[in-house]
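Asks: Once you've had a glance at the structure underneath, I'll fire off some questions.
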Amino acid sequence: MIGAQLYTLREYTKTPADIAKTLARVKKMGYNGVQCSALGPIAPAELAKILKNEGLACLATHVKIDELDNEPQRIIDEHKLWGCKYTAVGGFFPKEATTQTWVDFAERFNRIVQKYAGSGLLLGYHNHSHEFSHYDGKPAMQILAERFSNDVWFEVDTYWVSHGGGDPAAWIEKFTGRAHCVHLKDMLINLDRTQYMAEVGEGNLNWQRILPACQSAGVEHLLVEQDTCYRDPFESLQISLDNLKALGAS
C-alpha cells in the first residue's frame, strides 16, 4: 500500500483538531494509509477513532528507543488499538563512533526487541546517510545488518541511502523479507553540488529500478516522505502519489 509519512506534515499535526483535519486531506488526496510520526499530543483512542472515520490504515509508526525500552506494554497496547504491526526507531546518532559503538547499539536494540516477542508488533530501524560511514572498512549499515537479530526489520530510506553513496535498490534487495516498509523520497542537486529532497519522480533516483526492487523484496508499504518541501507539503505529497501511480505502484 502507498502511505503518507506524516512527518512530512508535522506543522499541520500539532493538535487533535489539526490531526483530524490533516488526515481528512490526506485521505482526499488518494492515500489509504499513513505512518504516524511527529504527531502532537493526542489520546491513542482519539487517534484510532480519527483513522477509522477517515478510512485510513496506520501502516507504521516511529517511536523513540527509550520509550520502546521502558514502556513495552503501553507501546504494544497502542499499536493493537491502531491495528498497526510495524514500528521503527528513527535512527541512531552517535557524536563519535567506532565499530564497537554500532555493535553495542545493535545489541541493545536486540535486547529491546526481545521484550516484544509474541506481541505481533515488529521493531525496525530507519536509516539516514551517516550509516554509510565506514568503520574498519565496512559501512555501519552493514554492521547493523550483521548484528541485528533476524527479528529486526529495516525501513530503508531511498534518499538517505543515495545521500550516503549507496544504491537504494540494492539495499532494499539485500533486506528481502525484512524491509516491510520503505521511505520514498527523491533527490535533486543544486549548482553548488548540494543535494536536496524532491517529490518522487521529480528528481534523479532510478524509480524504474527501485520500485521493482521493492516488489521483489516483499515490501508491503511504500511510505512517501519529504522531510523538507519547497512548496506546500500537501502538494508535494500529491505529486509523489500521482507520479508513483503513473509508475505503476499501488
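Asks: I'd like the distance between the alpha-carbon centres of region 19-51 and region 153-202, rounded to an integer number of Å.
Replies: 25 Å
Asks: Name all residues of region 80-99 having a backbone nitrogen under 16 Å from the label point set 7 Å from the Cα of Lys52 along its Cα→Cβ direction, giving them as ranges.
Replies: It comes to 80-84, nothing else.
Asks: Also, quick follow-up: Which Cys residues of the chain have no other Cys Cβ less than 4.7 Å away and so no disulfide-compatible partner by this rule?
Replies: If one checks each Cβ against the other cysteines of the chain, Cys36, Cys181, Cys214, Cys229 turn up with nothing under 4.7 Å.
Asks: Still on this model: Give the long-range amide H neighbours of Trp153: residues separated by 5 or more places, or on another chain, with amide H under 5 Å away, using H modelled in the peptide plane at 1.01 Å from N.
Replies: Amide H to amide H, under 5 Å and 5 or more residues apart or across chains, Trp153 pairs with Leu123, Gly124, Tyr125.
Asks: Then there's this: Can you work out the FRET efficiency for the pair Glu96 and Arg231, with r the C-beta to C-beta distance and R0 = 35 Å, to the nearest 0.05? Spell out each step's value before the answer.
Replies: Details: r = 37 Å, r/R0 = 1.07.
With a Förster radius of 35 Å, E is 0.40.
Asks: How far, in nm, would the chain grow between Glu71 and Asp136 when pulled straight, counting 0.36 nm per residue and subtracting the alpha carbon separation? Write down the numbers at each step before the final one.
Replies: Working: separation 65, 0.36 × 65 = 23.40 nm, distance 3.53 nm.
Taking Glu71 through Asp136 to full extension adds about 19.9 nm, to one decimal.
Asks: Please work out how much length the chain gains when fully extended from Glu146 to Tyr196, using 0.36 nm per residue of separation minus the C-alpha to C-alpha distance, in nm with one decimal.
Replies: Values: separation 50, 0.36 × 50 = 18.00 nm, distance 3.03 nm.
The span from Glu146 to Tyr196 would gain 15.0 nm if fully extended.
Asks: What full-extension length gain, to one decimal in nm, is calculated for Asp167 and Ile189 as 0.36 nm per residue of separation minus the Cα-Cα distance? Walk me through the intermediate numbers first.
Replies: Numbers: separation 22, 0.36 × 22 = 7.92 nm, distance 1.69 nm.
Going from the current span to full extension adds 6.2 nm.
Asks: Write down the radius of gyration of region 25-127 and its Dmax, each obtained from C-alpha positions, in Å.
Replies: Using the Cα atoms of region 25-127, the pair Rg, Dmax is 15.3, 48 Å.
Asks: Report the residue, chosen from Phe154, Phe105, Phe175, that carries the largest GNM mean-square fluctuation when the chain is represented by alpha-carbon nodes joined by springs under 10 Å.
Replies: Of the options given, Phe105 has the highest mean-square fluctuation.
Asks: Moving on to the next point. Using only alpha-carbon positions, what ratio does the radius of gyration of region 79-191 give when scaled by 2.2 N^0.38 Å? Each step should come with its number before you reach the end.
Replies: On the way: Rg = 14.5 Å, N = 113, 2.2 N^0.38 = 13.3 Å.
In units of the 2.2 N^0.38 Å rule of thumb, it is 1.09.
Asks: Just to confirm, what accessible area per residue do you get for region 105-250 at 1.4 Å probe, in whole Å²? Provide the component values of the computation, followed by the final result.
Replies: Working: 6270 Å² over 146 residues.
Result: 43 Å² per residue.
Asks: Now for a different question. As an exercise, use a Förster radius of 25 Å and the Cβ-Cβ distance of Gln215 and Lys28 to find the FRET efficiency, rounded to the nearest 0.05. If you can, show how the numbers build up before the last one.
Replies: Numbers: r = 27 Å, r/R0 = 1.09.
Result of the calculation: an efficiency of 0.35.
Asks: Quick one: which residues, 5+ away or cross-chain, put their amide H under 5 Å from the amide H of Ala4? H built at 1.01 Å from N.
Replies: Residues meeting the amide H criterion: Gly33, Val34, Gln35, Val224.
Asks: List the residues of region 29-56 whose backbone N lies under 15 Å from a point placed 7 Å from the Cα of Lys21 along the Cα-to-Cβ direction.
Replies: Inside the label zone: 40.
Asks: What are the ³J(HN,Hα) values, in whole Hz, obtained from phi via the Karplus relation 6.51 cos²θ - 1.76 cosθ + 1.60 with θ = phi - 60°, for each residue of region 148-160 in sequence order, with x given for Gly and Pro?
Replies: With the stated coefficients, region 148-160 comes to 5, 5, 5, 7, 8, 9, 10, 8, 5, 10, 4, 5, 5 Hz.
Asks: Now, a different point. How many lysine pairs in region 48-120, separated by 8 or more positions in sequence or lying on different chains, have Cα atoms less than 26 Å apart?
Replies: Qualifying lysine pairs in region 48-120: 12.
Asks: For the chain, with all protein chains present and a 1.4 Å probe, just round the carbon and sulfur fraction of the accessible area to a whole percent. Provide the component values of the computation, followed by the final result.
Replies: Values: 5530 of 11350 Å².
Roughly 49 percent of what the probe reaches on the chain is carbon or sulfur.
Asks: Report the residues of region 130-154 in range of a label on Lys85: point 7 Å along Cα→C-beta, backbone N strictly under 16 Å from it.
Replies: 151-154
Asks: Give the lysines reachable from Lys138 as a straight Cα distance under 18 Å; neighbours fewer than 8 places away on the same chain don't count.
Replies: Lys174
Asks: If I build a Gaussian network model for the chain, linking alpha-carbon pairs within less than 10 angstrom, which residue out of Lys21, Lys138, Lys95 has the largest mean-square fluctuation?
Replies: Lys95
Asks: Below 17 Å, Cα to Cα, which lysines can Lys185 reach? Residues fewer than 8 away in the same chain don't count.
Replies: By straight Cα distance, Lys185 reaches Lys245.
Asks: Also: Go through Ser240, Ser149 and list them by solvent-accessible area, largest first, probe radius 1.4 Å. The partial results should precede the final answer.
Replies: Details: Ser240 5, Ser149 35 Å².
Output order, biggest surface exposure first: Ser149, Ser240.
Asks: Moving on. What whole-number value in Å² describes the accessible area per residue of region 12-102 for a 1.4 Å probe?
Replies: On the way: 4640 Å² over 91 residues.
Accessible surface, normalised per residue, equals 51 Å².
The values are calculated or read from the model by the stated rules, or taken from the named source; none is laboratory data. Keep in mind that what you see is a predicted model, and the values were worked out from it rather than measured. Positions of Cβ are backbone-derived with ideal geometry, glycine not excepted, and every protein chain shown enters the neighbour counts. Ligands, DNA and RNA are stripped out before the accessible areas are found, and what is left, the full protein with its side chains, is counted by its heavy atoms. Shrake-Rupley method; radii C 1.70, N 1.55, O 1.52, S 1.80 Å.
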